[in-house]
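Below is one structure; the comments refer to it alone.
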Amino acid sequence: RFVIKGSLAGAAVYVAYDQGLLGSGTQGAEALKKAQAALPPAIQEWTSYIGWEVRTMQMNRLPSTPKFDFSPSDSWNKGVQTVMSALSVAPTRACEYTVEGWKYVKDLVK
C-alpha cells in the first residue's frame, strides 16, 4: 500500500516538474495557459469516448468549463506587498500592544 501511494506521489511530482509547474513563475504561467487551451478539447473527447451526447437543450447540456483568470506573478506580487506592509507597521504595532499590555497588568494589580 505504501509503495503504491509513494509511486503515485512520485509520478505526480514528475509530471508537475515535466510540465514546468515547479519552475519559475513564468514557466508556471505558460503551463497554465497550455492547460487552459487543452482542457475543453479533452473534455469533449472524453464525453464522446464514454458515449455522452452533448445536446443543445440546456437541461441535457454539460456545464461549460471554468475560465481561469489567475496570474502567478500578480499573486506573488500581492503576497510580497502584503508581507512588506505587515513588516513596515510591525514596530508601531508592537509598541501599541506593549502599552496596552502594561495598562492591563497595572489594572490587575490595583
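Among all residues of region 64-78, there is at least one that is of a type outside the set (S, T, N, Q) and at pLDDT 75 or above. Among residues of region 2-28 that are under 27 Å from ASN77 (Cα atoms) and assigned to a helix (DSSP H, G or I), those with a beta-carbon under 7 Å from a residue that is open to solvent by 90 Å² or more (accessible area, probe 1.4 Å) and hydrophobic (A, V, I, L, M, F, W, C) at least six positions away or on a different chain give the pairs ALA16/LEU22; GLY25/TRP76; GLY28/LEU21.
The values are calculated or read from the model by the stated rules, or taken from the named source; none is laboratory data. Just so you know, these numbers come straight off a predicted model, no measurement behind them. When we count neighbours, we look across all protein chains shown, and the Cβ atoms used for this are built from the backbone with ideal geometry, even at glycine. The area values use the complete protein model at the heavy-atom level, side chains included, leaving out ligands, DNA and RNA. Shrake-Rupley method; radii C 1.70, N 1.55, O 1.52, S 1.80 Å.
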